Structure formats: structure tokens, C-alpha cells
Amino acid sequence: MAWSNQSMVTEFLLQGLSGSSELQMFYFLFFSVVYAATVLGNLLIVLTIVLEPRLHSPMYFLLGNLSFIDMSLASFATPKMIADFLSEHKVISFEGCITQIFFLHLLGGAEIVLLIAMSFDRYVAICKPLRYLVIMSQRMCIGLVILSWIVGIFHALSQLAFTVNLPFCGPNEVDSFFCDLPLVIKLACVDTYILGVFMISTSGMIALVCFILLVISYTIILVTVQQHSSGGSSKALSTCSAHFTVVTLFFGPCIFIYVWPFTNFPIDKVLSVFYTIFTPLLNPVIYTLRNKDVKQSMRKLSTTPSP
């Protein structure tokens with residue numbers, strides 16, 4: 001896609017989280033620790049799933065890909081935000097801004113499809129256990145992951161198709177720590193109402209509909225689990241509750257921000273921090289604390305003597 005921006009604005013000024021110098025240093029230290037924990041936590045899950053044969057199953061294959069996406073989602077804007085805490089002028093180029101928007105929607109779209117795939121995996125495992133390995137074959141799992149990236153790419157390109165050619169002639173201040181599409185299009189020198197409606201239909205409503213479908217699917221799964229009193233019911237319940245927690249943490253902030261793009265709420269900046277930084281951190285915490293297999297595999301790998 002050619003970035004043919006013919007406007008006067010060549011860079012944007014990010015207002016960040018706070019203008020206080022004392023808070024800037026606190027935020028720098030705090031988010032540096034959070035970012036490091038996010039990357040290391042998700043990387044540990046990926047390595048554990050790859051190296052531990054007992055985790056070579058469809059559920060953990062999808063979980064490993066989710067951890068990779070979360071690691072990437074935490075990295076598209078957080079390193080620059082951390083560096084900006086030490087800078088007086090938080091500036092990002094027009095191309096850099098467009099790149100952030102692209103990767104946010106690429107990774108967000110991919111994660112939505114992957115969360116749906118994980119829901120489908122749990123549905124098959126609990127409601128159709130005898131056909132689980134047939135349905136969730138290696139080919140199916142790889143296909144679902146490839147589909148998630150394809151959907152993410154097309155979703156990101158659809159968001160940028162009209163944005164890159166919008167005229168920006170000032171002001172150029174983005175009220176956030178990264179370039180988020182609802183905030184950037186408001187700075188255009190033309191009426192962006194139609195583009196806002198398009199954004200609602202392709203981001204906000206899709207996220208809302210997918211969330212509702214996921215709630216329905218997990219409700220069906222939990223009802224099925226309660227109807228069976230087998231020994232694996234508690235494990236299935238624990239796994240599904242962990243999945244549903246992740247779904248809620250991811251979709252909640254996205255729906256709030258993208259269903260009402262024409263209105264700024266004070267909590268928008270907090271929600272942006274949550275779904276781009278804290279959710280990728282909480283995912284490995286939730287899955288490792290709620291999943292005995294992952295915890296046991298991590299202990300096994302940590303205690304295995306090196307050759």
C-alpha cells in the first residue's frame with residue numbers, strides 16, 4: 001500500500017500518560033518491569049510448549065500461538081512509550097503512526113480469531129470427546145492459526161485503506177501514548193463521520209458480536225461440563241474459566257473504545273493501557289496458575305540438568 005499522505009503534518013505529538021516529571025520516572029520503572037515480565041512470561045510459555053512433548057496437543061498449540069501474539073501486542077507500542085517517559089517531546093512520524101495502527105489491528109484481529117479457535121477447541125474436547133483428535137487434527141490447528149493471521153492482515157488493511165490518505169493539517173496532538181485509530185482520524189481536516197461509522201462496523205461491532213458468540217459457546221460448554229460428573233470435569237471447568245477470563249479481559253476494553261469512537265471518555269487511556277500492556281501480561285499468569293500441566297512442565301524443564 002502506498003502511503004501517499006499529502007498533508008502538512010509529518011509527525012504527531014503523543015501526550016502520553018502524564019505530564020508530571022515525578023510520575024514519568026515512576027511510569028518508566030513500572031512499565032519497564034511490566035514489559036519485561038510480559039515478554040519473558042509469554043516467551044517461557046512458548047518455549048515450554050515447544051520443548052515439552054506432553055504439551056504437543058491442539059489446545060497448547062493454540063495457547064503457544066496466543067502467547068506469541070500477546071508478546072507482539074505488548075511490543076508494538078510499549079517500548080516507545082517507555083522511551084518517551086525519558087523524553088520531553090514525545091514525537092512519532094506519520095509513517096510510524098500508521099505502522100502502530102497497522103500492527104495493533106493486525107494483532108488484535110489475529111487474536112480475536114485465535115480466541116474463537118480456542119473456544120471451538122474446548123467445545124469439541126468437551127462436547128465431542130470421541131471425535132476430538134479427528135476434528136482438531138494438526139492440519140486443522142495449523143489452518144486456524146494461518147486463518148487468524150490472514151484475517152488480521154485484511155482487517156488491518158481495511159482500517160488503513162482510507163486513513164493513510166486523509167489530509168492532516170493540524171492540530172497534531174494524539175491524546176494517548178500511541179497512535180490509536182479513533183484518536184488519529186479526529187485530527188483530519190475533513191469530516192470523518194463516515195469513516196467513524198465504518199470503524200464501528202468493522203472493529204467495534206465485530207468485537208461485540210464475537211464476544212457474545214464466545215459467551216454463548218462457553219455457556220454451552222459449562223452447561224455440558226455440569227451435566228457430567230466425571231473426573232475430568234473439574235479440569236475442564238478450570239480450563240474453560242481461564243479461557244473465558246482471557247476473553248473478557250481482551251474484548252472488554254476493545255468494545256468500550258471502538259463502539260463509541262466519536263466520544264472521548266477519561267477511562268479510554270486506562271483501557272488502552274490495559275488491553276495493550278496488562279492483558280498480554282495477565283494471559284501467561286492466568287494460564288500458568290490455572291493449568292497444572294503447564295506448571296508441571298515448567299518445573300520439569302527448570303529441574304532438567306543440562307547435558
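The values are calculated or read from the model by the stated rules, or taken from the named source; none is laboratory data. Quantities reported herein were computed from a predicted structural model and do not represent experimental measurements. Note: ideal-geometry Cβ built from the backbone for every residue, glycine included; neighbour counts use all protein chains shown. Surface areas here come from the heavy atoms of the whole protein model, side chains and all, with no ligands, DNA or RNA. Shrake-Rupley method; radii C 1.70, N 1.55, O 1.52, S 1.80 Å.
Structure data summary
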read-out	value
Single residue of the range 178-193 satisfying the filter (more than 22 Å from L17 (Cβ to Cβ) and touching a Pro at 6+ places or on another chain (Cβ under 8 Å)) that is least open to solvent (accessible area, probe 1.4 Å)	A188
Selection within the range 62-95 - in a helix (DSSP H, G or I), surrounded by fewer than 21 Cβ atoms within 10 Å (Cβ to Cβ) and touching a residue at least 12 places away in the same chain (Cβ under 8 Å)	G64, F68, S72, P79, K80, I82, F94, E95
Candidate set from the range 193-223 (those that are polar (S, T, N, Q) and at pLDDT below 80); member that is farthest from H155 (Cα to Cα)	S201
Conditions (1) modelled with pLDDT of 80 or more; (2) under 22 Å from the mean Cα position of the chain (by Cα); (3) not in a helix (DSSP H, G or I): number failed by L187	(2)
Counted residues, the range 130-165 - those being of a type in the set (A, V, I, L, M, F, W, C) and touching a helix residue (DSSP H, G or I) at 6+ places or on another chain (Cβ under 7 Å)	13
Filter result for the condition that a residue is under 15 Å from G64 (Cα atoms) and either without any contact (Cβ under 8 Å) to a residue 12 or more places away in the chain or out of contact with any Pro (no Cβ under 9 Å at 6 or more places or on another chain) (or both), over I101, I142	I142
Count of the range 194-228 residues which are closer than 29 Å to T163 by Cα, among the β-branched types (V, I, T) and either more than 18 Å from the chain's Cα centre (by Cα) or open to solvent by less than 60 Å² (accessible area, probe 1.4 Å) (or both)	4
Residue check, V259 at pLDDT below 80 and either within 21 Å of the chain's Cα centre (by Cα) or open to solvent by less than 10 Å² (accessible area, probe 1.4 Å) (or both)	yes
The range 15-34, subset assigned to a helix (DSSP H, G or I) and of a type in the set (G, A, S), residue surrounded by the most Cβ atoms within 10 Å (Cβ to Cβ)	S32
Subset of the range 108-163 (residues that are open to solvent by less than 30 Å² (accessible area, probe 1.4 Å) and outside any helix (DSSP H, G or I))	M136
Members of the range 164-177 found to be open to solvent by 30 Å² or more (accessible area, probe 1.4 Å) and in contact (Cβ under 8 Å) with a residue 40 or more places away in the chain, listed by number	N165, P167, C169, G170, N172, E173, D175
Candidate set from the range 262-284 (those that are touching a helix residue (DSSP H, G or I) at 6+ places or on another chain (Cβ under 9 Å) and part of a loop (DSSP other than H, G, I, E, B)); member that is modelled with the highest pLDDT	I267
